[in-house]
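Q: Got a structure here, written out as structure tokens. Questions coming.
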Amino acid sequence: MLDIIIITYNARDKLKKCLKSVDRYTKGMSHLLTIVNNNSTDGTLEFLENYKKDNVRIIDTSKNLGFS
């Protein structure tokens with residue numbers, strides 16, 4: 001099983017491209033995708049609420065915790 005973690009902050013458009021790439025390259029593979037929204041203010045959380053899939057876990061932080 002493949003685990004993928006994406007951390008994002010105010011990069012909704014780049015996140016969309018990244019998720020398309022993940023979908024393309026993991027097609028047919030068993031994987032768990034975790035997306036950490038680092039308190040974005042650009043509509044990222046709203047986008048992620050509509051993106052939900054069975055293998056996707058979304059973590060929304062209450063403040064920007066940084067990328068690592």
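Q: Among 28, 43, which is open to solvent by 50 Å² or more (accessible area, probe 1.4 Å) and small (Gly, Ala, Ser)?
A: Details: 43 fails: open to solvent by 50 Å² or more (accessible area, probe 1.4 Å).
Result: 28 is the single residue among 28, 43 that is open to solvent by 50 Å² or more (accessible area, probe 1.4 Å) and small (Gly, Ala, Ser).
Q: Hey, another quick one. Which residues, taken from segment 30-59, are in contact (Cβ under 8 Å) with a residue 24 or more places away in the chain and charged (D, E, K, R)?
A: 42, 57, listed by residue number.
Q: Which of (1) free of Cβ contacts under 8 Å to residues at least 24 places away in the same chain; (2) touching a strand residue (DSSP E or B) at 6+ places or on another chain (Cβ under 8 Å) does residue 23 not meet, given it meets every other one?
A: (2)
The values are calculated or read from the model by the stated rules, or taken from the named source; none is laboratory data. This one's a predicted model, so the numbers in the text were calculated from it and none came from an experiment. For neighbour counting, all protein chains shown are included, and Cβ atoms are generated from backbone atoms with ideal geometry for every residue, glycine included. In case anyone asks, the SASA skips ligands and DNA or RNA and just uses the protein heavy atoms, side chains included. Shrake-Rupley method; radii C 1.70, N 1.55, O 1.52, S 1.80 Å.
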